[in-house]
1. Can you compute the charge dipole magnitude of the chain about its Cα centre, using +1 on each Lys and Arg Cβ and -1 on each Asp and Glu Cβ, nothing else charged? Give it in debye, rounded to the nearest 20.
2. Work out the length of the dipole vector of region 46-204 about its Cα centre, built from +1 on the beta-carbon of each Lys and Arg and -1 on the beta-carbon of each Asp and Glu, and round it to the nearest 20 debye.
3. Using 0.36 nm times the number of residues separating ASP489 and VAL132, minus their current alpha carbon distance, what extension gain do you get?
4. What accessible area per residue, rounded to a whole number of Å², is obtained for the chain using a probe radius of 1.4 Å?
5. If the cut-off is a Cα-Cα distance under 16 Å, which aspartates and glutamates reach LYS164, setting aside same-chain residues fewer than 8 apart in sequence?
6. Identify all aspartates and glutamates with a Cα-Cα distance to LYS255 below 13 Å; exclude those on the same chain that are fewer than 8 residues away in sequence.
7. What Kirkwood hydrodynamic radius do you get for the chain when you take the inverse of the mean 1/r over all pairs of distinct Cα atoms, in Å?
8. Round to the nearest 0.05 the FRET efficiency obtained for ASP465 and CYS55 when R0 = 45 Å and r is the Cβ-Cβ distance.
Amino acid sequence: ESSVKDSDLMHIIHVTAEMAPIAKVGGLGDVVTGLARASLSRGHTVDIVLPFYECIQKQQINDLALISTYDSYHDGNWIPTNAYRGVVSGIPVIFIEPSNEFFKGQQVYGGSYNELEAYLFFSRACLEWMQVTGAQPDIIHVHEWQIGALPLLYWDMYQYLSLKKPRIVLTIHNMEHYGECRQEQLSKCGLDGSMYATAEKAVDDRTIGHNPERLSLLKGGIVYSNAVVTVSPTYLKETLCSGWLASTLMMHCDKYFGVLNGIDTAMWNPATDVFLPAKFHAQKIEGKKLCKYYIQRGLGLAAKSITSSNHVPDATVKIPLVVCITRLVPQKGLHLITHALKHIEELGGQMIVLGKAPDGRVEGEFKRLADMHNQGPSIRILLMYSEELSHMLYAAADMVLVPSMYEPCGLSQIIGMRYGSVPVVRKTGGLADTVFDMDDQSNPEIANGFVFEGIDEGSLNWALDRAFAYYRDKPDEWNGIVKKVIEIDNSWNNTAGKYIEVYNSVRGRS
Ligand code: ADP
């Protein structure tokens, strides 16, 4: 744990659609929990405000209690709303529960309610809650398009009521989700939507000139926040150069920062992880071999080489095991993931994909691949979301594959490294900031994995071939890389200070 305590202490409230582990879909949930914990341990007061999704498992919340009942505006009505307080993984959380249909259903996203309107409601209900309870945090830290209307509501409405002190920081975790919103939809949260349909405010620049009806909550959030952060320095550069938000970001570049995500080392720790059959750390790595053996046996991979139950046969351990743990969406390089299955099998390795496909067509394609391979000796495709299994796979793997087309930061390569899995990644966004090629002679001290640039199969093959050759031909060097990646400090303890600097730079200014 970090012993750094900041001298100038703040109250920070995160407003977010996701929080790990109770409402996590992807990296957003991890980032919020990790950053909140690190800020708490530096001495700050931190709350996370989250919709009270029906799917949240209440037994994961400690000390849950109703703290206020109030009304919040939506579409001409005042909706009776409950606020609860609870503690999740040691972090104080406030749950906002409207009495209408919003946030009902078995999943975080994709319920039968109107998602855009639900998050517009939520953004206002958070401010309304601060207003009725008299909370005056120093920083309201909002995340992604879902909370993009909060900065507008704050500066154009609640500043004129009694909320005066807070300043707003927006983190953009993925620039491809714009939060498309029609003027009349924005009006449902009580703002005059037509006021925001200008290029300087929130008009969606892709439709400028022919559809001023369309707004982007993400753009509005950028314009109206005191500071905007994205999740890696390379992604910051990429987003200033291309994409339709580039000109808005350029215009606001003095308040735009790139802070590399960390990981929550309390949640991700191979030395204490309750999900692992054997624990390990850099000085005592044997447990990792056992984790690999358990996974191989448990999933029926390489079963033929197993002789006795308490002996780990070398032949099994020598087969390189590659894992890929990801949402199955085009961003993640689906064609390269499917190609890797083929190539790794040809190379005599094993590959496990753990992924969920929100799109039915993609799901169908991977189901077909699963049917084709899952009875065989070398490939498993697990189409589900499982936190437990993800921990076991990171621990069991020799390599973690991240062949993304673009990747704002990417956590799975960082988590993989913490568990001694060597990353094989495409050089883009945060992957380029965290993985450095073993064969790049210019900077051998930081070399920690295998990197390729192209989006074609040949580029991926080249990286996998080199990784497999290292693994098989230079076992001592390979063990050296494994130790090295475990010891890299990508923790929030190490990087939360950059966020604290951003918070300090906006405090007390408007
Ligand atoms: P993104 O935020 O784009 O989904 P990241 O790499 O930043 O990508 O974060 C992904 C996070 O979600 C990691 O913690 C990863 O382990 C986890 N994850 C993704 N898919 C699954 C799954 N099917 N089961 C369990 N965890 C998953």
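The values are calculated or read from the model by the stated rules, or taken from the named source; none is laboratory data. All figures in this text were calculated on a predicted structure; none of them were measured in a lab. Please note: Cβ atoms are built from the backbone with ideal geometry, for glycine as well, and neighbour counts cover all protein chains shown. Note: accessible area is taken over every heavy atom of the protein model, side chains too, but ligands, DNA and RNA are not part of it. Shrake-Rupley method; radii C 1.70, N 1.55, O 1.52, S 1.80 Å.
1. Details: 46 positive and 57 negative charges, 161 e Å.
Roughly 780 debye, rounded to the nearest 20.
2. Details: 10 positive and 19 negative charges, 89 e Å.
The dipole of region 46-204 has a size of about 420 debye.
3. 124.4 nm
4. Result: 39 Å² per residue.
5. GLU128, ASP138, ASP156
6. Hits, sequence-local ones excluded: GLU501.
7. Result for the chain, one decimal place: 23.9 Å.
8. Numbers: r = 43 Å, r/R0 = 0.95.
My answer for the efficiency is 0.60.
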